[in-house]
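What follows is one structure encoded as structure tokens, with my remarks underneath.
Taken together, the values in this text are just the output of simple stated rules run on the coordinates, not laboratory data. Owing to the predicted nature of the structure, the values given are computational and were not obtained by experimental measurement. Heads up, the Cβs are rebuilt from the backbone with ideal geometry, glycines too, and the neighbour counts pull from every protein chain shown.
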Amino acid sequence: MSARKKQTELIEAAAAATPSKASRESVSEQMALAEAAATCGVLKNGRFEETIAQFSVGKPKKDFFQVFPEPEKGYTRLPMVEGGMGGTPREWYVCMPDVLTEIGEMVDGSGIKTHTLVPVIDRLGNVRVWPIADCVSEVAERWQRSRVKVIAEAKDKWVRIVANMSESRYDLLAAIDQSLKPKWPEETYREILEKALADCFITSTDHPVIQAIVGR
């Protein structure tokens, strides 16, 4: 039985349960049913609705998070760039090989780098895909070493990061309460990437970000 189907049955059972005599057994049973239903989603308009995971791309926000377990073949690596140049939206994009070939040496210094994609989840169940750039300088190496430490700690702990600009690293803070378990969506690692990156592909040099990079 799928987790989603089981959740639906629990919700229906909780809704169908009617009060009887206040015996210890009946009260305990109804509390268990109600508790099980409440874990399935958000109460809205008198009904429990399943929480739908939200997928996005970017560095973890100020919330506590955990990282998605590394797949057997490792995390995916893609050429990506963050917008913002020339007034373009500050969002993340995947650059297709044909585009990189066409702009040639303009790639240098453009911000287009190979990134490792690491999904993280916050306590509300929101999933972000964290693009981690390959190191290209000594300063970047210091940031990278701190990221490696963060990822190692966040595999089984709730943590949040604070950028320490003077030391070129992320400082890590662990949550006091570590009892909450992350509620990862049913999607696989690959499916998480596909949903998060669905509208993020640059397939032509006509894209505003590429136009800004080459100065058109």
With +1 on the Cβ of every Lys and Arg and -1 on the Cβ of every Asp and Glu, the dipole magnitude of the range 48-162 about its Cα centre, in debye rounded to the nearest 20, is 600 debye
Which net charge results when you count Lys and Arg as +1 and Asp and Glu as -1 among the other residues whose beta-carbon is under 13 Å from that of Val214?
-3
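Using packing as a proxy for protection, rank 91-101, 195-205, 111-121 so that the peptide with the highest average count of other Cβ atoms within 10 Å comes first.
By packing density, highest mean first, the sequence is 111-121, 91-101, 195-205.
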Give me the one-decimal nm value for the distance between modelled label points at Ala140 and Trp184, 7 Å along each residue's Cα-to-Cβ direction.
2.9 nm
What whole number of Å gives the distance from the Cα centroid of the range 143-216 to the Cα centroid of the range 76-123?
13 Å
Compute the signed sum of charges (Lys and Arg +1, Asp and Glu -1) over the other residues within less than 10 Å, Cβ to Cβ, of Ser204.
-3
Around Trp130, which amide H atoms from residues at least 5 apart in sequence, or from another chain, sit under 5 Å from its own amide H, with H modelled in the peptide plane?
Gly58, Val118, Val120
Each residue of the range 186-196 in order: what ³J(HN,Hα) in whole Hz does its phi give by Karplus 6.51 cos²θ - 1.76 cosθ + 1.60, θ = phi - 60°, with x for Gly and Pro?
6, 4, 6, 4, 4, 5, 4, 4, 4, 6, 5
Skipping prolines and chain starts, which residues have an amide H placed within reach, meaning under 5 Å, of the one on Trp92, given they are 5 or more residues away or on another chain?
Gly83
Each residue of the range 84-92 in turn: what ³J(HN,Hα) in whole Hz from Karplus with 6.51, -1.76, 1.60 and θ = phi - 60°, glycine and Pro shown as x?
x, 5, x, x, 6, x, 7, 10, 8
Looks like the range 60-105, by Cα gyration tensor root eigenvalues a ≥ b ≥ c and the a/c under 1.5 rounded cutoff (else prolate when a/b is bigger than b/c, oblate otherwise), is oblate
In Å, the Kirkwood hydrodynamic radius of the range 55-214 over pairs of distinct alpha carbons?
16.7 Å
Across the range 100-114, in residue order, what do the Karplus-derived ³J(HN,Hα) couplings come to in whole Hz, using 6.51 cos²θ - 1.76 cosθ + 1.60 with θ = phi - 60° and x for Gly and Pro?
5, 5, 5, 8, x, 5, 5, 4, 4, x, 7, x, 6, 9, 6
Once the dipole of the range 59-163 is set up with Lys and Arg at +1 and Asp and Glu at -1 on Cβ about the Cα centre, which of Thr101, Thr76, Gln144 lies farthest towards its positive end?
Gln144
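List Met80, Met85 from most exposed to least, where exposure is judged by having the fewest other Cβ atoms within 10 Å.
Fewest-to-most Cβ neighbours within 10 Å comes out as Met85, Met80.
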Name the GluC sites (Glu not before Pro) in the range 150-214 that are in a loop by DSSP and that have at most 10 other C-beta atoms within 10 Å, would you?
Glu186
